[in-house]
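Read through the structure below, which is laid out as structure tokens, and then see the notes.
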Amino acid sequence: MTHINKLKIFNDPIYGFITIPNELVYDLIQHPYFQRLRRISQMGLSYLVYPGANHTRFHHALGCMHLMKKAIDTLRFKDVVISEEEENALLIAILLHDIGHGPFSHAMEKSIVEDVHHEAISLLFMNQLNEEFDGKLSLAIQVFKGEYHRKFMLQLISSQLDMDRMDYLKRDSFYTGVAEGNVNSERLIQMMNVENDVLVIEEKGIYSVEKFLLSRRLMYWQAYLHKTSLVAELILMKVLKRAKELTLKGVKLPCSEPLMYFMQNKITLEDFDADKLDLFSQLDDFDIISALKSWQKNNDFILSTLSKMIINRDLLKIKLSAEKIPMEESQSLKEEFAEAHQISAVDAGYFIFRGKIKNQAYSKEAEPIRILKKDKTIEDVVEASDQLNLKSLSKLVTKYYICFPKQLI
């Protein structure tokens, strides 16, 4: 049997060379569950706004692992003891943290795979992989679930300043060209330390934290909650909802077998056994896009019209407002549209709907970002900062929207 060199390197446009640290990590990356992430876009339909935003979750997971390795090296340099086994657990946990994402994840979670969040599916995948790899992921799973006694390790994976956020902000900023999102992850990592089992940022890194939080807020408004990306995702949700509705009425829609299965069945977290997980692992962006291409020609007015909107990027109009949009406004639009197209007011709701979006760069309810002062005291970054803007960054901003067809303007 030929020996495969498993200590390979990836060339990443952001960090340069990323090294695979050991054979176990190599085997996990090679696994079909992980390779599937190459076919799942990191930013969903944002490429309809930013043509460069075609990078994948595979890309992002590797970037997170690279940053985690840097964080471990920095903490060890500062005399934080991290064993080889703990290092491996951290690298594996961050590598697999997004493995449960489906295609266009947020739209899927609200239409086809209802009420089963990607975090829960990530854990199911990890448990399945743990069986296949003879229990070698046990510690990684323990850390990922927050059950390991060293609390700072979970903060590296999931907190308000974790490797996940550091990579996606930098990566999404790079691929969209939204320069405001570019965070200095190198500097932030260099400023990390652990005090009383808690992750802290040394005081001289406070400006980097402020810049990080500001970048996060701007990326949300300019990229993640960009109104065109938002309306595209909302339309996709409506398409999938309509497709599921028709399927449950017995209409045969052309689509891949895994997609058909999830449209025909209501799957809860309890139902997710190994077979369902395997079916889910066969779903990716291509299933959805191919389905939309077929459904454009369907004789169901709602399904075909909405599918065409995404394929041809001829979307609904979306209007944002700081004030709540009155129900009467959407009601009268619905009646007008229903009459024009000879459909019911309920069906018109697929084209005219209201909702709200929220943006909060820093949450005071969640675990704080802690600053380690020179006198060894620890303060929440909002208190430690002399910047007034941090107070405003922790304020929840809500915007309301209404979507409607362009011809109704």
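The values are calculated or read from the model by the stated rules, or taken from the named source; none is laboratory data. Keep in mind that this is a model prediction, so the values were computed, not measured. Neighbour counts run over all protein chains shown; Cβ positions are idealised from the backbone, glycine included. With ligands, DNA and RNA removed, areas are computed over all heavy atoms of the protein, side chains included. Shrake-Rupley method; radii C 1.70, N 1.55, O 1.52, S 1.80 Å.
Taking the conditions (1) under 15 Å from the mean Cα position of the chain (by Cα); (2) of a type in the set (Ser, Thr, Tyr); (3) over 23 Å from residue 284 (Cα atoms) in turn, residue 56 satisfies each one other than (3).
Within segment 2-25, residues that are at pLDDT 95 or above have Cβ atoms under 6 Å from residues that are part of a helix (DSSP H, G or I) and of a type in the set (Val, Ile, Thr) in no pair, counting only partners at least 6 apart in sequence or on another chain. Only one entry in 39, 57 is among the basic types (Lys, Arg), surrounded by fewer than 16 Cβ atoms within 10 Å (Cβ to Cβ) and closer than 30 Å to residue 232 by Cβ, namely 39. Residue 196 satisfies every condition listed in (1) surrounded by fewer than 22 Cβ atoms within 10 Å (Cβ to Cβ); (2) among the polar types (S, T, N, Q); (3) on the phi < 0 side of the Ramachandran plot except (3).
Counting only residues that are without any contact (Cβ under 8 Å) to a residue 60 or more places away in the chain and open to solvent by less than 50 Å² (accessible area, probe 1.4 Å), how many does segment 268-288 have? Looking only at that region, the number is 2. Residues in segment 73-92 that are touching a strand residue (DSSP E or B) at 6+ places or on another chain (Cβ under 7 Å) and either in a loop (DSSP other than H, G, I, E, B) or among the hydrophobic types (A, V, I, L, M, F, W, C) (or both): 75, 78, 80. Only one of (1) on the phi < 0 side of the Ramachandran plot; (2) open to solvent by 20 Å² or more (accessible area, probe 1.4 Å); (3) touching a residue at least 12 places away in the same chain (Cβ under 8 Å) is not met by residue 219, so which one is it? Result: residue 219 fails condition (2) only. Scanning segment 98-120 for residues being among the hydrophobic types (A, V, I, L, M, F, W, C) and not in a loop (DSSP other than H, G, I, E, B) gives a total of 3.
Selection over segment 369-383 of residues that are touching a Phe, Trp or Tyr at 6+ places or on another chain (Cβ under 8 Å) and of a type in the set (Lys, Arg) gives a count of 0. Checked against the criterion of being within 30 Å of residue 268 (Cα to Cα) and either out of contact with any strand residue (DSSP E or B) (no Cβ under 8 Å at 6 or more places or on another chain) or buried (at least 21 other Cβ atoms within 10 Å of the Cβ) (or both), segment 46-54 contains one or more residues that satisfy it. A count restricted to segment 292-303 and to residues that are in a helix (DSSP H, G or I) and either open to solvent by 10 Å² or more (accessible area, probe 1.4 Å) or of a type in the set (Asp, Glu) (or both) stands at 3. Count of segment 247-260 residues, restricted to those that are part of a helix (DSSP H, G or I) and either open to solvent by less than 50 Å² (accessible area, probe 1.4 Å) or farther than 18 Å from residue 36 by Cα (or both), is 5.
Only one of these is in a loop (DSSP other than H, G, I, E, B), modelled with pLDDT of 90 or more and buried (at least 20 other Cβ atoms within 10 Å of the Cβ): 161, 169, 129, 156. Name it. Among 161, 169, 129, 156, only 161 is in a loop (DSSP other than H, G, I, E, B), modelled with pLDDT of 90 or more and buried (at least 20 other Cβ atoms within 10 Å of the Cβ). Residues of segment 51-65 that are more than 14 Å from residue 33 (Cα to Cα) and assigned to a helix (DSSP H, G or I): 59, 60, 62, 63, 64, 65. Quick one: would you say residue 240 is in a helix (DSSP H, G or I), open to solvent by less than 40 Å² (accessible area, probe 1.4 Å), over 16 Å from residue 296 (Cα atoms) and modelled with pLDDT under 95? For residue 240, the condition - in a helix (DSSP H, G or I), open to solvent by less than 40 Å² (accessible area, probe 1.4 Å), over 16 Å from residue 296 (Cα atoms) and modelled with pLDDT under 95 - is not met. Selection within segment 318-334: residues that are surrounded by fewer than 19 Cβ atoms within 10 Å (Cβ to Cβ) and without any contact (Cβ under 8 Å) to a residue 24 or more places away in the chain. The member of this set that is nearest to residue 400 (Cα to Cα) is 326. From the list 309, 263, the lone residue that is at pLDDT 95 or above and part of a helix (DSSP H, G or I) is 309. Per this entry, residue 315 is not counted among residues that are part of a helix (DSSP H, G or I) and either open to solvent by less than 80 Å² (accessible area, probe 1.4 Å) or touching a Phe, Trp or Tyr at 6+ places or on another chain (Cβ under 8 Å) (or both).
Just wondering, is there one or more residues in segment 358-366 that are outside any helix (DSSP H, G or I) and under 22 Å from residue 236 (Cα atoms)? Yes, because at least one residue in segment 358-366 is outside any helix (DSSP H, G or I) and under 22 Å from residue 236 (Cα atoms). Evaluation of residue 147 against the conditions (1) open to solvent by 40 Å² or more (accessible area, probe 1.4 Å); (2) assigned to a helix (DSSP H, G or I); (3) not aliphatic (A, V, I, L, M) shows that the sole unmet condition is (2).
Out of all the residues in segment 190-232, which are among the hydrophobic types (A, V, I, L, M, F, W, C) and assigned to a helix (DSSP H, G or I)? Residues satisfying the conditions are 206, 209, 212, 213, 214, 218, 219, 221, 223, 230, 231, 232.
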